[in-house]
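Please read the structure below before turning to the comments.
The values are calculated or read from the model by the stated rules, or taken from the named source; none is laboratory data. Just so we're clear, the structure is a prediction, and the values are computed from it rather than from any experiment. Heads up, the Cβs are rebuilt from the backbone with ideal geometry, glycines too, and the neighbour counts pull from every protein chain shown.
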Amino acid sequence: MADLLDRLEVSRLVHRFGFGPKPGEFKKLLNMGLPAARTQILTASKSDAAADAVVAPKLTDLGFFPTQKTQAAADFNLARQLQINSLYTWWLDRMAVADQALLERMTWFWHGHWATSYDKVQYAITMKIQNDTLRKYALGNFADMSRAMVQDPALLYWLDAGQNSKQSPNENLARELMELFTLGVGNYTESDIREIARGLTGWQVYRSGGTTQFNPLKHDSTPITFLGHTGTYDALGISDVLVTESACQQFIPARMWFRFLSAENPVPSDLSDSFVGRDINQLVQTLGRHSQMRAVGNSQVKSPVEWFISACRALNITPSKLQNVGYAISALTNMGQLPFNPPNVGGWPADEAWLSASSAQFRLSFAQYLVKQGDLSTLAGDTSAQAIADWLGVAEFSYRTKSAFSAAGSDPARLAILAICSPEYVVNA
Amino acid sequence: MDTLTRRKFLQLTGAGAIAGVAASLSIEEIAQAALSNPLPIGTPIVVVVTLYGGNDGLNTVVPYQDSIYQASRPGISLDASKVIPLQDGLALNGSMTGFKSLWDQKKLAIVRGVGYPQPDHSHFSSMAIWQSASPQEHISSGWIGRWLDSQPHDPMRAIGLGSVLPPLLAGAHQVGSVLPLGGLVIPSGTLAQQCAQLSKASGADTPLVALAAQSMADLFKLSGDVGPVLKKPAPVPDVLPTQAGGNFGGDSSLAQQLDVVAKLIAVNAPTRVWAVSLGGFDTHADEIQGQTKLLGTVSDSITRFLGQMQKVGRSRDVTVLVYSEFGRRVKANASMGTDHGTAGPVFIAGGRTQGGFYGDQPSLKTLNNGDLMVTTDFRDVYGAILEDLLNTDKSRVIDGWKSKLPVFAKA
């Protein structure tokens, strides 16, 4: 019988650095002991047979929007809808089936960090290109990731950098690049923004196909001065300077601390030591093995996608194979979190924001829908609270929740609904 | 940034870290409070409308006759044919016909050049400054929240519409409540009983686990059989605002939010401050169409709301305040839009508002690094609301602040 703190740590590992356990996985991790469990969760596989078996969507360049209210426009909108739906289910499937979910989990984190929305970009292929980039660098070097992102067609379009000329530069990308992506607020001046905006000019985005082109005629190649540097800089040069700043070494670890460990406890001052080489994987290893992973009081609320995917994994559900995928997509929309559609460039909120009465309602309806289609065989022989906790990777259910289980008797479907809507599952203790 | 919603501010301005947790009210609770403790007629009510994203003031209250304005914004300046002239060479955006009618009735005050010293161009920092009313030091409580701190506890006193608490309603000791839009559906039968069990507090709960249980409990507080105020039709104003200009069709969430506020004011809810919002003002690109539509929504829905207030006998009680975290740059950018700027206009409408212009129009000749100079401190606006409407010493709520705009008539 594993000790409660061990259960707490493994529960956090499997929910925060993955998307929750598949049936039997939690007990297996407990049985192998903490050092092996940490290594298991925190080591991305070179290839993931289950995730790689998810067939990538066939996305094409759909061209310009046709004139409204024509047959061509109707066909076009249908094609666009089919493409984005296939992109949604492709990624949700990868998250739900991956044997080793760290890579998808990190890609999900970076999607919230470099938050870009289909709502404005409007072409699935362009969003997929960004998603591939985020996955490619998810555990790589942040300097490489930042270089790739300042040339990413979806991000450039999203932040108005695709129609940016030296005559009147647009500051949107320049500001968010420093404030939200690399340095954090307060680590640059308004003058830095205006100068960098000049250096970022010259990009043109063809968003229907997800390509970019650099037009030297539109680029401001006169010297700029920012953060104590003066010279001629393009987007890559600017990215390199920003990533080298000491503020970047503090900022990225702080963002990851907030999302993976704790929104309530302050970032330990030595965490940034792990990011000295801008190696994301090294930072993940430090976070995942941090002593605060065992400390009581670092609860985190599962966001709607995290909650949905962890339920799918427990119930052996592949999202694209649900009877009505549209229902799942609209349920996530109602709950306020559909992948590829963050509310704004700051990404999604955390914790308390997901705990309103209306989110409780949507969660309850969605849970009933999912459980009907889920595989409950794990509970066939044993419907005790302990068995449910082991199945779902919950450290411990409260007396309150155990009483609700007792009232439900031994009906596995009802128990499953109550368990995945229980406070101890919605919130990862 | 495309559309900027309130949620982001919660996260980045630290409202989520406020010690207290906002109660999520049910309509039933508010209706009961209205019955047991109705707000007496003659009590001032404030409706705060936050425009998220940074509204472009120069295309809202337009210096259309100024050649510098026209020259600075090729393609996105508004000429005489696209505006509604007021006076002093200024005009409203052509979509704001409702506001023009309020102006003609002397019910609309336009405060010009509003901002604060050393303007911050970050959405998050600047909105935090406006909502905390503290430009110099970062504090996590909001100005209405600190007013709540000065009042006896009552969860009905200040209510925000939506599912998350706007930072301006979070005090150091008390927080306002939130009211989700739309109805909630609860399960029935044995599942309902078991869920009710799940929603109970447990001694071992961490604060977030307790909140998860509470959110389920809140859901169950709603009941279909107690006269749900929201199922009643909203009060209908006698004079409907003209639909020309800004009405591009379709419901906007601002109109829905104000409809809920109108219904609850109509049943005498004991609420003194309401907070509603509209996002999408971050017009870095293709500004004209987007902003015109949004301003039409603001003008139409507020004008309609004040008409509803007249119908229910609250027209002298209800004052609407409209603000955004900053104005935008004088010069257009290359994307037919404008970047983050500084000063912008604030609107105050209805109630005891004495219509007209307040504050000086910022010069287009003398700019600070391409931005308008601030001529009026927003704390003078808050000062008037606190002292003349909420009957509270402004210096207690806004650390030592002593001045206010003479915008309200004596009660």
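See the values below:
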{"item": "Considering residues of the range B:328-385 that are within 14 Å of chain A (Cβ to nearest Cβ), on the phi > 0 side of the Ramachandran plot and of a type outside the set (S, T, N, Q) only, the residue surrounded by the fewest Cβ atoms within 10 Å (Cβ to Cβ)", "result": "B:Gly370"}
{"item": "Filter result for the condition that a residue is touching a Gly at 6+ places or on another chain (Cβ under 8 Å) and of a type outside the set (A, V, I, L, M, F, W, C), over B:Ser150, B:Ser132, B:Ser67, B:Ser101", "result": "B:Ser132"}
{"item": "One residue from B:Phe357, B:Phe305 being among the aromatic types (Phe, Trp, Tyr) and in a helix (DSSP H, G or I)", "result": "B:Phe305"}
{"item": "Of the criteria (1) over 27 Å from A:Leu180 (Cβ atoms); (2) touching a residue at least 60 places away in the same chain (Cβ under 8 Å); (3) charged (D, E, K, R), which one A:Lys58 fails", "result": "(2)"}
{"item": "Helices (runs of 4 or more DSSP H) lying entirely in the range A:109-217 (those with 2 or more residues that are basic (Lys, Arg) and closer than 30 Å to A:Leu82 by Cβ)", "result": "A:124-137"}
{"item": "Residue count for the range A:148-172, restricted to those that are at negative phi and under 24 Å from the mean Cα position of the chain (by Cα)", "result": "14"}
{"item": "Neighbours by Cβ (under 6 Å, 6+ apart or cross-chain): first from the range B:190-215, at the interface with chain A (Cβ under 7 Å from one of its Cβ atoms) and closer than 19 Å to B:Val178 by Cα; second of a type in the set (A, V, I, L, M) and not in a loop (DSSP other than H, G, I, E, B)", "result": "B:Leu208/A:Val301; B:Leu208/A:Val427; B:Ala212/A:Val426; B:Ala212/A:Val427; B:Ser215/A:Ala357; B:Ser215/A:Ala360"}
{"item": "Filter pass, A:Thr126 being away from chain B (no Cβ under 14 Å) and surrounded by fewer than 23 Cβ atoms within 10 Å (Cβ to Cβ)", "result": "no"}
{"item": "Selected residue [closer than 26 Å to A:Leu8 by Cα, surrounded by fewer than 19 Cβ atoms within 10 Å (Cβ to Cβ) and outside the structural domain of A:Leu261 (by TED's automatic domain parsing)] from A:Ala367, A:Ala380, A:Ala353", "result": "A:Ala380"}
{"item": "Residue match in the range A:249-265 (condition: among the small types (Gly, Ala, Ser) and closer than 27 Å to A:Pro153 by Cβ)", "result": "no"}
{"item": "Among (1) under 27 Å from A:Pro253 (Cβ atoms); (2) more than 9 Å from chain B (Cβ to nearest Cβ), the one test that A:Gly202 misses", "result": "(1)"}
{"item": "Neighbours by Cβ (under 7 Å, 6+ apart or cross-chain): first from the range A:84-107, outside the structural domain of A:Asn341 (by TED's automatic domain parsing); second modelled with pLDDT of 95 or more and among the acidic types (Asp, Glu)", "result": "A:Arg94/A:Glu104; A:Met95/A:Glu104; A:Ala98/A:Glu104"}
{"item": "Residues within the range B:342-354 that are touching a helix residue (DSSP H, G or I) at 6+ places or on another chain (Cβ under 8 Å) and either assigned to a loop (DSSP other than H, G, I, E, B) or more than 22 Å from B:Leu321 (Cα to Cα) (or both), tallied", "result": "3"}
{"item": "Qualifying residue in the range A:295-303 (condition: surrounded by fewer than 22 Cβ atoms within 10 Å (Cβ to Cβ), out of contact with any Ser or Thr (no Cβ under 8 Å at 6 or more places or on another chain) and part of a helix (DSSP H, G or I))", "result": "no"}
{"item": "Pick from the range A:325-350, criterion under 18 Å from B:Ala212 (Cβ atoms) and within 7 Å of chain B (Cβ to nearest Cβ), ranking: surrounded by the fewest Cβ atoms within 10 Å (Cβ to Cβ)", "result": "A:Ala350"}
{"item": "Filtered residue count, the range A:294-336, keeping only those that are modelled with pLDDT under 90 and over 16 Å from A:Lys372 (Cα atoms)", "result": "8"}
{"item": "Candidates A:Gly381, A:Gly393, A:Gly374 - the one that is more than 10 Å from chain B (Cβ to nearest Cβ), on the phi > 0 side of the Ramachandran plot and not polar (S, T, N, Q)", "result": "A:Gly393"}
{"item": "Matching residues, the range A:251-266, being touching a residue at least 12 places away in the same chain (Cβ under 8 Å) and either of a type in the set (D, E, K, R) or surrounded by fewer than 18 Cβ atoms within 10 Å (Cβ to Cβ) (or both)", "result": "A:Ala254, A:Arg255, A:Phe258, A:Arg259, A:Glu264, A:Asn265"}
{"item": "Criterion violated by A:Val185 - all others in (1) within 8 Å of another protein chain (Cβ to nearest Cβ); (2) farther than 19 Å from B:Ala285 by Cβ; (3) crowded, with 22+ Cβ neighbours inside 10 Å satisfied", "result": "(3)"}
{"item": "Residue tally, condition more than 17 Å from the chain's Cα centre (by Cα) and polar (S, T, N, Q), over the range A:71-119", "result": "6"}
{"item": "Matching residues, the range A:406-424, being at the interface with chain B (Cβ under 9 Å from one of its Cβ atoms) and within 32 Å of the chain's Cα centre (by Cα)", "result": "A:Arg414, A:Ile417, A:Leu418, A:Cys421, A:Ser422, A:Pro423, A:Glu424"}
{"item": "Close pairs from the range B:138-161: first in contact (Cβ under 8 Å) with a residue 60 or more places away in the chain, partner surrounded by fewer than 20 Cβ atoms within 10 Å (Cβ to Cβ) and not in a loop (DSSP other than H, G, I, E, B), Cβ under 7 Å, at least 6 apart", "result": "B:Ser140/B:Ala17; B:Ser150/B:Arg396"}
